[in-house]
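The values are calculated or read from the model by the stated rules, or taken from the named source; none is laboratory data. Keep in mind that this is a model prediction, so the values were computed, not measured. Here Cβ is always computed from backbone atoms with ideal geometry, including for glycine, and neighbour counts include all displayed protein chains. When the accessible area is computed, the model is the full protein with side chains, heavy atoms only, and any ligands, DNA or RNA have been set aside. Shrake-Rupley method; radii C 1.70, N 1.55, O 1.52, S 1.80 Å.
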Amino acid sequence: MGRSGSGSGTGTGTTKDAQALFQSLRSAYVATPNNLKIIDLYIVFAIVTAIIQVVYMAVVGSFPFNSFLSGVLSCVGTAVLAVSLRIQVNKDNKEFKVTRPLEIPSLSDRNLSLIFLQLMWIIMNLSVEIA
């Protein structure tokens, strides 16, 4: 019949599949343009910053919870906006026809959204501290 759960060869097949998947992802990422790699690095930085804030809150405590919340959500929102920029800048994406590598509307949309996001968190922090 096929594979049953008690076979000893299933672990090696899974390991080989995982290695093949990793190799294919790595070889595909090598062909990625440098401007997309820079955006990817920025996304990773924003997510790692959010994770560090969550770990810090778990270890030290969440006394100013509004500061923790605004810091983490600002990092996540920044990462989401960077992913949106990456989608728009990617030349292989067929939904967005980009005539230039960094088209002005996509950058201006992202920058205005980022400014609005940061101002929203600043206002949220100030309104809680004043009250």
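Working ranking of peptides 53-62, 23-32 by packing, defined as the average number of other Cβ atoms within 10 Å per residue, highest first, is 53-62, 23-32. Heavy atoms of the protein chains alone define the surface here; on that basis the stretch 17-60 has 77 Å² accessible area per residue at 1.4 Å probe size. Placing a label point 7 Å from the Cα of ILE38 along the Cα-to-Cβ line, the residues of the stretch 59-86 whose backbone N sits under 14 Å from it are 86. Subtracting the Cα-Cα distance of ALA31 and ASP92 from 0.36 nm times their residue separation leaves 20.8 nm of extension gain.
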